[in-house]
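The values are calculated or read from the model by the stated rules, or taken from the named source; none is laboratory data. Computed from a predicted structure; not experimentally measured. Glycine gets a Cβ as well: all are built from the backbone with ideal geometry, and neighbour counts include every protein chain shown. For the accessible areas, the whole protein counts, side chains as well, though only heavy atoms, and no ligand, DNA or RNA atoms are used. Shrake-Rupley method; radii C 1.70, N 1.55, O 1.52, S 1.80 Å.
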Amino acid sequence: MTFVIAVVLFKFVWAWVVPDLFPGAVEQGLIAADLTWLASLKLAVPVAVLSGFYPALSGAFKRQ
């Protein structure tokens, strides 16, 4: 579920935030103004993997 949410968030939030934060870089072509679905999938993979570690990490760092 985290993977699907991350894909959609990367796809739509990227087009909304990146051109506002980096207008010069977008104009020069250094950063894409719009993210493709494939690039969104690639960015969502590490997010989904890291979210799988959350239960183990929260248990390891829980105060006793």
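Hey, quick one: spin label on Y54, modelled 7 Å out along Cα-Cβ, who in segment 1-21 has an amide N within reach, i.e. under 13 Å?
Output list for this probe position: 1-6.
Return the sequence-ordered ³J(HN,Hα) values of segment 9-22 in whole Hz as given by the Karplus equation 6.51 cos²θ - 1.76 cosθ + 1.60 applied to θ = phi - 60°, using x for Gly and Pro.
So the Karplus estimates, Gly and Pro as x, are 5, 4, 4, 8, 6, 4, 5, 8, 9, 4, x, 6, 7, 10 Hz.
Ignoring ligands, DNA and RNA, what percent of the accessible area of the chain is carbon or sulfur (1.4 Å)?
Values: 3700 of 5110 Å².
Carbon plus sulfur share of accessible area: 72 percent.
Once you have the Cα-Cα distance between F22 and A39, take 0.36 nm times their residue separation minus that, and quote the gain in nm to one decimal. Please list the in-between numbers first.
Numbers: separation 17, 0.36 × 17 = 6.12 nm, distance 1.84 nm.
Working it through step by step, the gained length comes to 4.3 nm.
Mind ranking 39-50, 24-35 by how tightly packed they are, going by the mean number of other C-beta atoms within 10 angstrom, highest first?
Working: 39-50: 14.1, 24-35: 12.4.
My ranking of the peptides, most packed first, is 39-50, 24-35.
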